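Just so it is clear, none of the values below were taken in a lab; they were calculated from the coordinates. All figures in this text were calculated on a predicted structure; none of them were measured in a lab. Note: ideal-geometry Cβ built from the backbone for every residue, glycine included; neighbour counts use all protein chains shown.
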Amino acid sequence: EKGGYEHFMLKEIHEQPKAVRETMSARVAKDHSAIIMEELKWNKEYLDSFQKIFVVACGTAYNAALVGKYYIEKLVRIPVEVDIASEFRYRSPIIDDRTLTIVVSQSGETSDTLAALKESKRLGAKTLAITNVVGSSIAREADQVIYTWAGPEIAVASTKAYTTQLITMFMLAMYMAGIKGTVTPERTKELLTQLHQIPAQISETLEDVEPIKTFAKEYGFNEDVFFIGRSLDYAVALEGSLKLKEISYIHAEAYAAGELKHGTLALIIEGVPVIALATQKNVYEKTLSNIKEVKARDAVVIGIASANDSELEKYVDHVIKVPETDELLIPILTVVPLQLLAYYAAITRQCDVDKPRNLAKSVTVE
Ligand code: F6R
């Protein structure tokens, strides 16, 4: 059942090219000119009626929602607020019939997410679920559903659900942009052509595991690990740190790189591992200066960069490179080495990878 892999998590990490390909198939026009969402059938009038979008979720799905906010705001120019489901419900969110609430849930059964969805409906919002389980409670409750086609995810730590959620968020934003006319046809073609290459590029990323195994052995017994990045890299840093915490029990924190000097820099001392993501052009130089700040405190820095980057390696101790793609899509690639790092760190520490202590796959209690 584990298809020759030692754990479900490793199997599911390796299933990502297929999961992503299946989630995309039938939704990307053959000539890469548009995204097709048969399940939505939205028009401009419907989209124009939304003044605000909420994306609500828990855990890894919340981390995917953060990327979704970036996509929608950048490509569609509608304000998006992301919230943790257990917070959203209790803070009297400002919602009416000009609101779209998107909930993201792999299982479709997370009770806080389901409750947030019901609360949104009660207040008059239109609702859309992004879920991996057909006929789940969240799928049944929402007005509309987009399924991720990741296939069953067994390991408690979510991997292929996350990457398919990112792909879905991207396709949804592009679909909306197509209706709103906020992205030019040339740029659409460029982005969808890159999107098409993502599954093969994930496979490429999966081939290069030896350096990651080495890092995991080297740093697997450290008490603390920090993840830093800006913009989309920060969202991926949050997911990388969650993965490491939940399966290897290493204390990991993700920080927006620019926020370090407002407190956390005090924790950066000699030998502390810092994983620094630096893939976003408009904040690249800024991230680099943050990396220099942690290097100056003798942190050990592992940089995550795009294949065409020849700068980062001058400032960090090791670099892991992922194939070149548009910087909007690169989170789908940079998360892969972070998943593998968490996996091999957990192996080094002899943790129960598929069933980490205290955690359940689906949280149906509040
Ligand atoms: C982390 C993880 C959890 C889930 C969260 C939401 O690896 O799996 O953080 O992402 O419990 O679950 P779903 O997506 O089923 O609502």
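Distant-in-sequence amide contacts of GLU81, defined by a placed amide H-H separation under 5 Å and a gap of 5 or more residues or a different chain, comprise ILE53, PHE54, VAL55.
Per-residue Karplus couplings for region 32-44, computed as 6.51 cos²θ - 1.76 cosθ + 1.60 with θ equal to phi - 60°, are listed in order as 6, 8, 6, 9, 10, 10, 3, 6, 9, 6, 7, 10, 5 Hz, Gly and Pro entered as x.
Our helix-only sum for the chain, with -39,500 (n - 2.57) per DSSP H run of n ≥ 4 divided by its residues, gives a mean residue ellipticity at 222 nm of -14000 deg cm²/dmol.
Remark: region 236-244, residue by residue, has Karplus-estimated 3J(HN,Hα) of 5, 4, 4, 5, x, 6, 4, 4, 5 Hz, where x stands for each Gly or Pro and the curve is 6.51 cos²θ - 1.76 cosθ + 1.60 at θ = phi - 60°.
For region 128-188, the relative contact order works out to 25 percent when only alpha carbon pairs closer than 8 Å and six or more residues apart are counted. Excluding same-chain residues fewer than 8 positions from LYS361, which lysines have a Cα within less than 21 Å of its Cα? Within the straight-line limit of under 21 Å, LYS361 reaches these lysines: LYS2, LYS11, LYS160, LYS243, LYS245. Within the straight-line cut-off of under 21 Å between alpha carbons, the lysines reachable from LYS292 are LYS261, LYS281, LYS314, LYS321, sequence neighbours fewer than 8 places apart in one chain being disregarded.
Taking VAL322, VAL335, VAL283 as the candidate residues, the one with maximal mean-square fluctuation in a Gaussian network model of the chain, Cα springs under 10 Å, is VAL283. Straight-line cross-link reach from LYS118 at under 20 Å between alpha-carbon atoms covers these lysines, not counting any fewer than eight positions away in the same chain: LYS52, LYS126.
Distance distribution P(r), region 70-201, all Cα-Cα pairs, bin width 5 angstrom from 0: 2, 10, 18, 21, 20, 15, 9, 4, 1 percent.
Each Lys and Arg adds +1 at its Cβ and each Asp and Glu adds -1 at its Cβ; summed about the Cα centre, the chain shows a dipole of about 680 debye. Annotation for LEU206 and LYS118: the two label points, set 7 Å from Cα along the Cα-Cβ direction, are 3.8 nm apart. Sorting the Cα pairs of the chain by distance into bins of 10 Å, from 0 upward, gives 5, 25, 34, 25, 9, 1 percent per bin. Any idea how far the Cα center of region 311-342 sits from the one of region 63-93, in Å? Cα centres, region 311-342 to region 63-93: 25 Å.
Cα-based values for region 291-339, radius of gyration first and Dmax second, are 11.6, 33 Å. For region 217-288, applying the loop criterion from DSSP together with a ceiling of 13 other beta carbons within 10 Å to the chymotrypsin sites (Phe, Trp or Tyr not before Pro) yields PHE221. Residues HIS251, HIS318, HIS7, arranged from fewest to most other Cβ atoms within 10 angstrom of their Cβ, appear as HIS251, HIS318, HIS7. Near the amide H of VAL145, within less than 5 Å, lie the amide hydrogens of ALA129, all on another chain or at least 5 residues away, with H placed in the peptide plane.
Computed from phi, the 3J(HN,Hα) profile of region 299-306 under the Karplus parametrisation 6.51, -1.76, 1.60 (θ = phi - 60°) reads 5, 9, 10, 9, x, 10, 9, 7 Hz, with x in place of Gly and Pro. Is the shape of region 149-210 best called rounded, prolate or oblate, per the rule: a/c under 1.5 gives rounded, else a/b larger than b/c gives prolate, else oblate, with a ≥ b ≥ c the square roots of the Cα gyration tensor eigenvalues? Oblate shape, in that a/c is at least 1.5 and b/c is the bigger or equal ratio.
Amide H to amide H, with H built 1.01 Å from N, ILE275 comes under 5 Å of PHE226, PHE227, ILE228, ILE302, counting only residues 5 or more places away or on other chains. Annotation: the residues ILE250, ILE102, ILE304, sorted from fewest to most other C-beta atoms within 10 Å of their own C-beta, follow the order ILE250, ILE102, ILE304.
Of SER120, ALA65, TYR5, whose Cα points farthest to the positive end of the dipole of region 1-120 (charges on the beta-carbon: +1 Lys, Arg; -1 Asp, Glu; origin at the Cα centre)? The residue sitting farthest along the positive end of the dipole is ALA65. The packing ranking of peptides 181-194, 158-171, 79-92, highest mean first, is 158-171, 79-92, 181-194, where packing means the average number of other beta carbon atoms within 10 angstrom of each residue.
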